[in-house]
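Working notes, structure below.
The values are calculated or read from the model by the stated rules, or taken from the named source; none is laboratory data. Source: prediction; values computed, not measured. Every residue, glycine as well, gets a Cβ built from its backbone with ideal geometry; the counts of neighbours run over all protein chains shown.
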Amino acid sequence: MPIYNEEANIACVLEEWISTLKKTGASFTVLALNDGSCDKTAAKLVELERLYGNLLCVINKINSGHGLTCRMGYDIASASNAKWVFQIDSDGQCNPDYFAEFWAKAQESDCVFGRRMSRDDGRARVVTSWLCSNASSILCGQTLVDANVPYRLLRTDVLRQALACIPANFNIHNVALTVTLKRLGEKVRWTYIPIHFRDRQGGSNSIDLLKVSKMGLEMLSKLATIKKP
């Protein structure tokens with residue numbers, strides 16, 4: 001879980017997700033990566049780590065942006081003994097009500113991805129995600145469904161194969177990972193779960209659409225740097 005300036009959301013988000021994950025009966029640890037937040041997020045995470053004990057691992061890091069923070073989380077998780085790696089964002093948009101279906105499908109899948117069928121975070125972000133998926137699909141010759149969705153459950157051994165192909169400095173790792181997993185072909189079993197994407201539960205988004213657009217164009221120009229599996 002990448003986190004940046006989420007003092008308004010992080011306690012509620014962790015509470016609802018840890019409660020949901022407990023219901024699966026599986027052993028888990030939530031890896032919370034604080035990406036150099038400049039509000040009170042770090043202090044809240046200290047309190048929450050005391051509250052949840054070994055169910056929550058907090059890492060404070062220098063700010064590097066969402067994509068590189070995701071990569072750091074992927075690398076740490078893939079180096080662990082975990083069989084599965086689950087990614088969500090920290091702003092409350094990922095509704096845990098869908099997770100039971102994700103977990104049920106995991107037994108027959110390598111990648112279980114959410115597909116945002118409806119969203120509360122504004123038309124501009126819907127359009128941005130649509131353009132991202134379609135432009136990436138055209139450039140890579142792959143059909144990418146909701147390529148940047150942050151609600152995804154991955155088998156760890158498959159994740160390791162994909163990460164080995166992606167430059168560590170790729171700026172939008174969600175898309176790079178989707179592209180690479182698709183390139184693994186029939187070796188990877190996919191399931192898509194229709195989800196509704198909530199609006200953020202509090203605070204304000206730290207990335208404006210102009211910045212997102214610039215990052216997207218840079219990302220598209222670097223798709224060729226991803227190695228073929």
Near pairs, Cβ below 9 angstrom, 6+ apart or cross-chain, from the range 106-134 (without any contact (Cβ under 8 Å) to a residue 60 or more places away in the chain) to any residue that is in a loop (DSSP other than H, G, I, E, B) and among the polar types (S, T, N, Q): Ser129/Asn148; Ser133/Asn148
Single unsatisfied condition, Leu48 versus (1) free of Cβ contacts under 8 Å to residues at least 60 places away in the same chain; (2) surrounded by fewer than 18 Cβ atoms within 10 Å (Cβ to Cβ): (2)
Selection within the range 102-136 - touching a helix residue (DSSP H, G or I) at 6+ places or on another chain (Cβ under 8 Å), hydroxyl-bearing (Ser, Thr, Tyr) and within 17 Å of Pro194 (Cβ to Cβ): none
Close pairs (6 angstrom Cβ cut-off, 6 or more residues apart or separate chains): touching a residue at least 60 places away in the same chain (Cβ under 8 Å) in the range 62-90, of a type in the set (Gly, Ala, Ser) anywhere: Val85/Ala77
Identity of the residue in the range 155-194, among the basic types (Lys, Arg) and over 15 Å from the mean Cα position of the chain (by Cα), that ends up nearest to Gly73 (Cα to Cα): Arg160
Selected residue (only one of Ala135, Ala100, Ala104, Ala124 is over 18 Å from the mean Cα position of the chain (by Cα), modelled with pLDDT of 95 or more and either within 30 Å of Gly203 (Cβ to Cβ) or not in a loop (DSSP other than H, G, I, E, B) (or both)): Ala104
Near pairs, Cβ below 7 angstrom, 6+ apart or cross-chain, from the range 138-153 (in contact (Cβ under 8 Å) with a residue 60 or more places away in the chain) to any residue that is in a loop (DSSP other than H, G, I, E, B) and not aromatic (Phe, Trp, Tyr): Pro150/Ile88; Pro150/Asp89; Pro150/Cys94; Tyr151/Ile88; Tyr151/Cys94
Matching option when the condition is of a type in the set (Lys, Arg) and surrounded by 17 or more Cβ atoms within 10 Å (Cβ to Cβ), among Arg116, Arg123: Arg116
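Wholly within the range 143-229, which helices (runs of 4 or more DSSP H) include no fewer than the required count, namely at least 1 residues that are of a type in the set (Asp, Glu), surrounded by fewer than 15 Cβ atoms within 10 Å (Cβ to Cβ) and at pLDDT 90 or above?
Values: elements: 156-163, 173-183, 209-221.
The qualifying helices (runs of 4 or more DSSP H) are 156-163.
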